[in-house]
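Novice: Please find one structure pasted underneath; my questions will follow.
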Amino acid sequence: MRAGQRVVVAVCVMAAYAANAGGQGPALSQPAERAGEKGKTGATVKRAAREEPPKSRIGADGKEMVEVPGGEFWMGCNETTDTECNADEKPGRLLSVEAFRIDRTEVSVAEYGRCADAEACSSDGLTPPGDSKFAINGVDHSDWLQACNWGTAGRENRPMNCLSWQQANAYCHWAGKRLPTEAEWEKAARGIAGRKYPWGNRDFVGAGLVANIADETFKRKNPNMEAAKGYDDAFLETAPVGSFPAGASPYGALDMIGNVSEWTLDWYDVEHQYRVLRGGCWHNPP
Ligand SMILES: [Ca+2]
Ligand SMILES: [Ca+2]
């Protein structure tokens with residue numbers, strides 16, 4: 001997904017160095033051999049030996065983190081389960097990452113607020129002025145700017161959004177972590193075997209309440225926009241972080257689809273103008 005330096009929906013989900021990583025970051029290893037058959041992972045995950053049990057709450061923000069084991073996983077389009085892949089999701093391939101941990105939930109407004117109180121995070125531009133304009137493909141959606149959560153009473157447990165990559169990056173550094181690479185984000189979201197969604201391959205209708213996306217509630221307010229037919233998560237804009245436990249990834253990460261998108265470390269383009277933003281958000285259909 002392409003994203004500029006400031007978008008309406010963005011948040012960081014963070015990776016911390018694994019306790020057993022010897023201080024080495026979970027950098028991507030060399031891409032593995034392409035699978036002989038698309039969609040076939042053949043991946044075996046080996047859990048690295050560790051000297052102490054993982055801590056579940058890590059960093060200056062004290063957020064709960066989930067552990068993602070190192071090893072190969074299927075990244076990108078899995079044509080055996082998904083016929084609607086975008087061009088930038090192809091070709092699907094096996095990649096390997098080192099073990100890492102990632103926050104279980106999106107960063108909340110309250111958590112970002114503690115970083116701002118510590119003067120390690122900037123609040124610049126987080127509250128759009130009342131006359132701000134926002135459009136997608138030439139269509140005005142300025143009313144969506146009210147979904148920016150910073151500074152609105154009662155939204156302390158909503159996800160931090162409307163922030164730049166630099167602001168997300170600064171938050172992660174304050175917490176003693178960093179943004180995930182795109183490969184780490186994807187493995188945390190779908191596991192090793194190329195799932196279509198974090199919870200598996202079942203589509204939204206039939207999977208239960210699994211994510212906050214453009215649903216029937218969204219469609220009633222935005223009748224000209226595309227939305228999931230027959231799926232109603234009951235949230236028009238953002239939901240409190242972690243509201244959809246049924247949508248957990250194989251490692252327990254929440255809201256990896258929907259609510260707000262997550263910034264990653266990676267550049268989207270060779271010109272280094274855009275960073276990769278993943279996961280979709282409350283105004284994206286499936
Ligand atoms: Ca929704
Ligand atoms: Ca999300």
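Novice: Here is a check on your reading of the model: is residue 278 charged (D, E, K, R), within 12 Å of ligand 2 (Cβ to nearest atom) and surrounded by fewer than 21 Cβ atoms within 10 Å (Cβ to Cβ)?
Specialist: Values: charged (D, E, K, R): yes; within 12 Å of ligand 2 (Cβ to nearest atom): yes; surrounded by fewer than 21 Cβ atoms within 10 Å (Cβ to Cβ): yes.
For residue 278, the condition - charged (D, E, K, R), within 12 Å of ligand 2 (Cβ to nearest atom) and surrounded by fewer than 21 Cβ atoms within 10 Å (Cβ to Cβ) - is met.
Novice: Show the residue pairs meeting these rules: Cβ distance below 7 Å; 6+ apart or different chains; first residue within the stretch 262-286 and more than 12 Å from residue 186 (Cα to Cα); second residue part of a strand (DSSP E or B) and within 16 Å of ligand 1 (Cβ to nearest atom).
Specialist: Close Cβ pairs satisfying both conditions: none exist.
Novice: Here's a follow-up. For the stretch 237-254, what are the residues that are aliphatic (A, V, I, L, M) and surrounded by 19 or more Cβ atoms within 10 Å (Cβ to Cβ)?
Specialist: Step one: list which residues in the stretch 237-254 are aliphatic (A, V, I, L, M), which gives 239, 241, 246, 248, 253-254.
Residues satisfying the conditions are 239, 241, 253, 254.
Novice: Within the stretch 145-167, work out how many residues are out of contact with any Asp or Glu (no Cβ under 6 Å at 6 or more places or on another chain) and more than 14 Å from residue 127 (Cβ to Cβ). Break it down stepwise before answering.
Specialist: The first filter runs over the stretch 145-167 and keeps only residues out of contact with any Asp or Glu (no Cβ under 6 Å at 6 or more places or on another chain), leaving 145-146, 148-158, 160-167.
Now restrict to residues that are more than 14 Å from residue 127 (Cβ to Cβ): 154, 156-157, 165-166.
Counting residues in the stretch 145-167 that are out of contact with any Asp or Glu (no Cβ under 6 Å at 6 or more places or on another chain) and more than 14 Å from residue 127 (Cβ to Cβ) gives 5.
Novice: Looking only at the stretch 208-227, count every residue that is more than 16 Å from ligand 2 (Cβ to nearest atom), in contact (Cβ under 8 Å) with a residue 12 or more places away in the chain and either surrounded by 16 or more Cβ atoms within 10 Å (Cβ to Cβ) or not in a loop (DSSP other than H, G, I, E, B) (or both) and tell me the total.
Specialist: Here the count works out to 5.
Novice: Could you please find all residues in the stretch 234-263 being near ligand 2 (Cβ under 10 Å from one of its atoms) and either touching a Lys or Arg at 6+ places or on another chain (Cβ under 7 Å) or farther than 17 Å from residue 215 by Cα (or both)?
Specialist: Correct list: 238, 241, 253, 254, 261, 262.
Novice: Another question about this same structure. Please work out which one of (1) near ligand 1 (Cβ under 10 Å from one of its atoms); (2) more than 26 Å from residue 61 (Cα to Cα); (3) modelled with pLDDT under 95 is the condition residue 281 fails and give its number.
Specialist: (2) is the only condition that residue 281 fails.
Novice: Are there strands (runs of 3 or more DSSP E) fully within the stretch 1-112 with at least 2 residues that are under 24 Å from residue 178 (Cα atoms) and at pLDDT 90 or above? List them. Spell out how you get there, then give the answer.
Specialist: Details: elements: 15-17, 63-68, 71-75, 93-97, 100-103.
Of the strands (runs of 3 or more DSSP E) lying wholly inside the stretch 1-112, those with at least 2 residues that are under 24 Å from residue 178 (Cα atoms) and at pLDDT 90 or above span 63-68, 71-75, 93-97, 100-103.
Novice: Moving on. Starting from residues that are polar (S, T, N, Q) and closer than 30 Å to residue 142 by Cβ, keep the ones in the stretch 179-223 and report whichever is farthest from ligand 1 (Cβ to nearest atom).
Specialist: Here is the first cut: in the stretch 179-223, the residues polar (S, T, N, Q) are 181, 201, 212, 217, 222.
So of that shortlist, the ones also closer than 30 Å to residue 142 by Cβ come out as 212, 217, 222.
Working: 212: 5, 217: 5, 222: 11 Å.
Ranking the candidates gives 222 first.
Novice: Take the residues of the stretch 173-195 that are basic (Lys, Arg) and within 11 Å of residue 75 (Cα to Cα): which is surrounded by the most Cβ atoms within 10 Å (Cβ to Cβ)? Show your work before the answer.
Specialist: Here is the first cut: in the stretch 173-195, the ones basic (Lys, Arg) are 177-178, 187, 190, 195.
Applying the additional criterion that residues be within 11 Å of residue 75 (Cα to Cα) yields 187, 190, 195.
Values: 187: 31, 190: 25, 195: 19.
Of everything passing the filter in the stretch 173-195, 187 is surrounded by the most Cβ atoms within 10 Å (Cβ to Cβ).
Novice: While we're looking at this one, here's another question. Quick one: what pairs do we get from the stretch 235-249, first residue more than 15 Å from residue 103 (Cα to Cα), second among the β-branched types (Val, Ile, Thr) and within 9 Å of ligand 1 (Cβ to nearest atom), C-beta under 7 Å, 6+ apart or different chains?
Specialist: 235/217; 236/217
Novice: Sticking with this one: Every residue in the stretch 153-171 that is hydrophobic (A, V, I, L, M, F, W, C), in a loop (DSSP other than H, G, I, E, B) and in contact with a strand residue (DSSP E or B) (Cβ under 8 Å, 6 or more places away or on another chain), please.
Specialist: If we filter the stretch 153-171 for residues that are hydrophobic (A, V, I, L, M, F, W, C), which is where we start, we get 153, 160, 162-163, 165, 168, 170.
Imposing the further condition that a residue be in a loop (DSSP other than H, G, I, E, B) reduces the set to 153, 160, 162-163.
Correct list: 160, 163.
Novice: Could you go through the stretch 255-275 and let me know if any residue there is surrounded by fewer than 19 Cβ atoms within 10 Å (Cβ to Cβ), in a loop (DSSP other than H, G, I, E, B) and within 16 Å of ligand 1 (Cβ to nearest atom).
Specialist: Initial filter on the stretch 255-275 (surrounded by fewer than 19 Cβ atoms within 10 Å (Cβ to Cβ)): 266-274.
Remaining after also requiring in a loop (DSSP other than H, G, I, E, B): 268-274.
Next cut, within 16 Å of ligand 1 (Cβ to nearest atom) only: none.
Looking for residues that are surrounded by fewer than 19 Cβ atoms within 10 Å (Cβ to Cβ), in a loop (DSSP other than H, G, I, E, B) and within 16 Å of ligand 1 (Cβ to nearest atom), one finds none in the stretch 255-275, hence no.
Novice: Okay, moving on. For the stretch 135-160, how many residues meet the condition of being surrounded by fewer than 11 Cβ atoms within 10 Å (Cβ to Cβ) and within 22 Å of the chain's Cα centre (by Cα)?
Specialist: Matching residues across the stretch 135-160 total 0.
The values are calculated or read from the model by the stated rules, or taken from the named source; none is laboratory data. Everything numeric in this text was worked out from a predicted model, so none of it was measured. Glycine gets a Cβ as well: all are built from the backbone with ideal geometry, and neighbour counts include every protein chain shown.
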